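Engineer: Below is the structure I would like to discuss, written out as structure tokens.
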Amino acid sequence: MLRSRHARKRNALSVSGVCIAALLLLLAHSGNGQTVIEDTRAELNAVLDTTGEGEEGTHFVPFFPSTENRNGWRGMLVITNHGASNGTVSISAIDDIGEGFGPVTLTIREDETKYISAEDLEDGNSAKELDGSTGSPGRGDWRLEIWSELRLEVNSFVSTSSGFTIPMIAVAPVDPVAAKKYRVVSFGDGGAQDVLSALRIVNSNAESATVIIEATDDAGVRGGRVTAEIPGGNSMFFSLDELELGNSAFDGALGEGNGNWRLDVWSDRPLEVISLSYTNDGRLANVSSARGVAGGPNLPAPPEISLISETSLEVSWIDTFDPIFASYSVQGKYRDDSEFGLIKGCVQFRVSATSNTIHRLVARVELDDPLIERQVLQVRYKYRNDSFCSVDERSPREWSHTGEAMIFQGLDTPSQSSDLTITAIKADNLSPKPSESITLSVTVANIGSATAPSTSIRYFRSTNATITTRDSEIGNDTVNSLAANENSNESFSFAAPSQPGVYYFGACVDTVTGETDVSNNCSSGLRVEIVDPNQSASPDLVIDSVTLSDVSLTVSQSFNISATVRNQGDVTSPSTTLRYFRSDNSTITTRDTEIGTDSVGSLGPGSVSTETIVLSAPSSDGTYYYGVCVDSVNGEASTTNNCSSGVRVEVSEDDSGGGGDTTYNEGDTITTLPTGFWVPDALRNGVTYQYSGGVVLLEFSNGGVLEHGDYSYVCRNSDGCTVRNRVVEKGTIDESPRN
């Protein structure tokens, strides 16, 4: 059975990146088919363009050879500070068995570029203002996580014993035809005696990844299949000989091929895949990002396939058609089947838009029998002339290219749709004295659609605001089973570090089987400054909390911001000013856009003051962040903790004409909607309409608008709204007369 879920306009995307002016090593093919490595020597500065704008937050380097690399390769980091101030950079190193080292701290000035070698990282180098060292890896090479509040540009290079230096940021692209499949277009020696090839696969996830490597040679003949399990946090190297002949570290082998291989690397987890070609005399090339030459018929693009469970999936694609109705045939099969017989059906879409509008179309497919594990599922679609899925299938269009997905185990576990995250964290004391008690209060939420089993929450101390499970664990607790959309409040008390200074504390909730998103299980870090007991008494103003009356706004909508200021110092603070800011990121500083002020009266030690301001949302839709900073006062113990983090707000267009004259809550019947089969006049801002088996199902995003007859209907719920046969099953619907 096929069911259309929604049709909506495609948003334009822009991509920007660092420009590499030249490649030092070029992999080419000679006329006889042999692989040749041509070398062109150049200085490092000649190939590095550091004129970009940089980015705040975390940067990843998937391959950074250590000083113990068996080929004599060495990693080189090039870090440029494009920020408006001096600052520090935290560099953490993870070896091939997932063991974390560091972090080390690099001091860098505004507009400065620094070069950090593997020797600098492992042994330390105070001359480069590098504080600390990682020592040697437990096994293999490094991958790096680099974090800073500065706008950094990070480039990675590898130097060889022969003096070659090449860029090492590129990774194999995700195949456009299939999710979680990475394409290496050429892997092998092409018959050359001195050329070697290797594949590096990095699993940065906390969970083990199943990896399946398939290969097709230059004659178009498919080789064998290699299956490996890469533990969470680990990296593995696969040489050409190991893949062709087999190895005890994995199952299967590719066998012998004709010429080079084209590799398809499948996994049930996101990966970084790097393909290297090198020679024994020190020449090296990163060929990960090489792409094949386009060929074949000019057919519609392949669909994306999302496996929901072992008996259901979603198929999506982009297309352009006139408004009202359109229907498509959808077919699917296992790759080794000769005919498309597994899935056959027609799906109908209804949209309201101007002619020739681009739409993203999503069809839900329900199967009678479970999908077969480790088979490759292939799906295609074709536009039909008949708008209502009638028997007439004549169409001037061709079948699309075939999309693919590997079927992995565990698609239909009870917790498949659970999603654990930490929605709030706070501390009762952000400026304790050494060894003084601190209590962390944490809210764990299951934002998924199914119950999550009991698990553990772990508390960490870090040197930066990015909390990961590689930070120093200071305690743990049990989190009981959570139903969908249920919260659990946890707390943990511990002694502050004995040495004065700045520390960050946070928490991570352990993942559960089948969790839909494992990248959101850790909180951000709370900044805690341990106060020197010998320091004279002084005030210290901090922001305890920032709350908004609504985080899903329409353009120009009024809303409130409330902020609580606390004096965590030892003496009374004089009156000062609280400033409200709007930012394009979650880091609030006084350089952001100021949008209002409030007065804060004198505060005694431990006293708080809550201020509130009424504001209007921006006139343009988009994502914004709101926060506050309290002006520092004379003699304040610390002035680096006077700003809050930013609260994310989504602003959308609202064509509903404001609030509704009638409000329908869960269980209410919208009497102004028709019964039986009907077609809405207009759908905007994320509303889907589906009619099947006598049931009309409406699903709204927050702020979504449906227009029909004399009325407009708007969803007012951050989690969206559902209406089935006129009855509101979820959320709140505002009804108002159409203009």
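The values are calculated or read from the model by the stated rules, or taken from the named source; none is laboratory data. This is a predicted model, so every value here is computed, not measured. Here Cβ is always computed from backbone atoms with ideal geometry, including for glycine, and neighbour counts include all displayed protein chains.
Engineer: Among the residues of segment 84-97, are any closer than 22 Å to R470 by Cα, in a loop (DSSP other than H, G, I, E, B) and outside the structural domain of D471 (by TED's automatic domain parsing)?
Structural biologist: yes
Engineer: Among the residues of segment 78-94, write down those that are free of Cβ contacts under 8 Å to residues at least 60 places away in the same chain and touching a Gly at 6+ places or on another chain (Cβ under 8 Å).
Structural biologist: I91, A93
Engineer: Anything in segment 433-446 that is surrounded by 20 or more Cβ atoms within 10 Å (Cβ to Cβ) and touching a residue at least 60 places away in the same chain (Cβ under 8 Å)? List them, or say none.
Structural biologist: Once the filter is applied, which keeps residues that are surrounded by 20 or more Cβ atoms within 10 Å (Cβ to Cβ) and touching a residue at least 60 places away in the same chain (Cβ under 8 Å), segment 433-446 yields I438, L440, V442, V444.
Engineer: Can you name every residue in segment 388-417 that is among the small types (G, A, S), modelled with pLDDT under 80 and either in a strand (DSSP E or B) or crowded, with 18+ Cβ neighbours inside 10 Å (or both)?
Structural biologist: S415, S417
Engineer: Please indicate, with yes or no, whether at least one residue in segment 671-685 is crowded, with 18+ Cβ neighbours inside 10 Å, closer than 18 Å to T732 by Cβ, at pLDDT 80 or above and in contact with a Cys (Cβ under 7 Å, 6 or more places away or on another chain).
Structural biologist: Checking segment 671-685: not a single residue is crowded, with 18+ Cβ neighbours inside 10 Å, closer than 18 Å to T732 by Cβ, at pLDDT 80 or above and in contact with a Cys (Cβ under 7 Å, 6 or more places away or on another chain).
Engineer: Residue under question is A178, and the condition is that it be hydrophobic (A, V, I, L, M, F, W, C) and modelled with pLDDT under 85; does it hold?
Structural biologist: Yes: the conditions hold for A178.
Engineer: Also, quick follow-up: Kindly provide the set of residues from segment 711-729 that are among the basic types (K, R) and surrounded by fewer than 16 Cβ atoms within 10 Å (Cβ to Cβ), ordered by number.
Structural biologist: Correct list: R724 only.
Engineer: Now for a different question. Among the listed residues D592, D550, which satisfies the condition of being out of contact with any helix residue (DSSP H, G or I) (no Cβ under 8 Å at 6 or more places or on another chain) and crowded, with 19+ Cβ neighbours inside 10 Å?
Structural biologist: Step by step, each of D592, D550 is checked, and only D592 is out of contact with any helix residue (DSSP H, G or I) (no Cβ under 8 Å at 6 or more places or on another chain) and crowded, with 19+ Cβ neighbours inside 10 Å.
Engineer: Looking only at segment 711-735, which residues are of a type in the set (D, E), part of a loop (DSSP other than H, G, I, E, B) and either modelled with pLDDT of 85 or more or not assigned by TED's automatic domain parsing to the domain that holds G676 (or both)?
Structural biologist: none
Engineer: Please go through segment 486-533 and pick out each residue that is surrounded by fewer than 19 Cβ atoms within 10 Å (Cβ to Cβ), β-branched (V, I, T) and part of a strand (DSSP E or B).
Structural biologist: V502
Engineer: Test of understanding: among I474, I457, which residue is out of contact with any helix residue (DSSP H, G or I) (no Cβ under 7 Å at 6 or more places or on another chain), in a strand (DSSP E or B), free of Cβ contacts under 8 Å to residues at least 40 places away in the same chain and surrounded by 15 or more Cβ atoms within 10 Å (Cβ to Cβ)?
Structural biologist: I474
Engineer: While we're on this one: Only one of S609, S556 is more than 27 Å from R716 (Cα to Cα) and touching a strand residue (DSSP E or B) at 6+ places or on another chain (Cβ under 7 Å); which?
Structural biologist: Of S609, S556, the one residue that is more than 27 Å from R716 (Cα to Cα) and touching a strand residue (DSSP E or B) at 6+ places or on another chain (Cβ under 7 Å) is S609.
Engineer: Here is a list of conditions, (1) under 17 Å from P737 (Cβ atoms); (2) crowded, with 20+ Cβ neighbours inside 10 Å; (3) touching a Leu at 6+ places or on another chain (Cβ under 9 Å), and Y664 meets all of them except one; can you say which number that is?
Structural biologist: (3)
Engineer: State the number of residues belonging to segment 232-267 that are within 21 Å of K181 (Cα to Cα), assigned to a loop (DSSP other than H, G, I, E, B), in contact with a strand residue (DSSP E or B) (Cβ under 6 Å, 6 or more places away or on another chain) and of a type in the set (S, T, N, Q).
Structural biologist: The qualifying residues number 1.
Engineer: Can you tell me which residue among L77, L26 is modelled with pLDDT under 50, out of contact with any His (no Cβ under 7 Å at 6 or more places or on another chain) and closer than 25 Å to V273 by Cα?
Structural biologist: Unique residue meeting the criteria: L26.
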